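A.B. asks: First the structure, which I've put down as structure tokens, then a few questions once you've had a look.
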Amino acid sequence: MKKTSFYSMVREDGENIAKQQSGYTDGTFNYYKAGSIWHVIYPGNGLSICSGHTRKAAAEKAHAPAMLARVAAAVERQQDAAERFAAAVKKAEEAAA
């Protein structure tokens, strides 16, 4: 895994926003730790797909064939999620500038 910065969608003050995270990537998913839990983020829409108590456990869960099939099905059903994510990232980057 490689250290990286990325955005994930989070809910703050009742609003969905893109928040920059510092974590890791395996080239397929992004990972960050919040408290004692590792969250797995699908980079196409910034949404969490699963979590685990260790990064290794989270990665194993994310790459399980059943989870990969669920992610693919969700991405197909939610085409507009990627567009909302791109707009939220742009807004976050403009606010940070």
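A.B. asks: When you go through S36, S5, S51 one by one, which is the residue that is in contact with a strand residue (DSSP E or B) (Cβ under 6 Å, 6 or more places away or on another chain) and open to solvent by 70 Å² or more (accessible area, probe 1.4 Å)?
C.D. replies: Testing whether each residue is in contact with a strand residue (DSSP E or B) (Cβ under 6 Å, 6 or more places away or on another chain) and open to solvent by 70 Å² or more (accessible area, probe 1.4 Å) leaves just S5.
A.B. asks: I would also like to ask the following. Quick one: what pairs do we get from the stretch 53-81, first residue closer than 14 Å to H39 by Cβ, second of a type in the set (G, A, S) and not in a helix (DSSP H, G or I), C-beta under 7 Å, 6+ apart or different chains?
C.D. replies: Short answer, once both residue conditions are applied: H53/S36; A58/S51; A58/G52; K61/G52.
A.B. asks: Note down all Cβ pairs under 6 Å where the first residue falls in the stretch 3-15 and is closer than 14 Å to A82 by Cβ and in contact (Cβ under 8 Å) with a residue 60 or more places away in the chain, the second is among the polar types (S, T, N, Q) and open to solvent by 40 Å² or more (accessible area, probe 1.4 Å), and they're at least six residues apart or on different chains.
C.D. replies: Qualifying pairs under 6 Å: Y7/Q20; M9/N16.
A.B. asks: A further question follows. If you check L68 against the conditions, is it open to solvent by 60 Å² or more (accessible area, probe 1.4 Å), over 20 Å from R11 (Cα atoms) and under 15 Å from the mean Cα position of the chain (by Cα)?
C.D. replies: Answer is yes for this residue.
The values are calculated or read from the model by the stated rules, or taken from the named source; none is laboratory data. Source: prediction; values computed, not measured. Every residue, glycine as well, gets a Cβ built from its backbone with ideal geometry; the counts of neighbours run over all protein chains shown. For the accessible areas, the whole protein counts, side chains as well, though only heavy atoms, and no ligand, DNA or RNA atoms are used. Shrake-Rupley method; radii C 1.70, N 1.55, O 1.52, S 1.80 Å.
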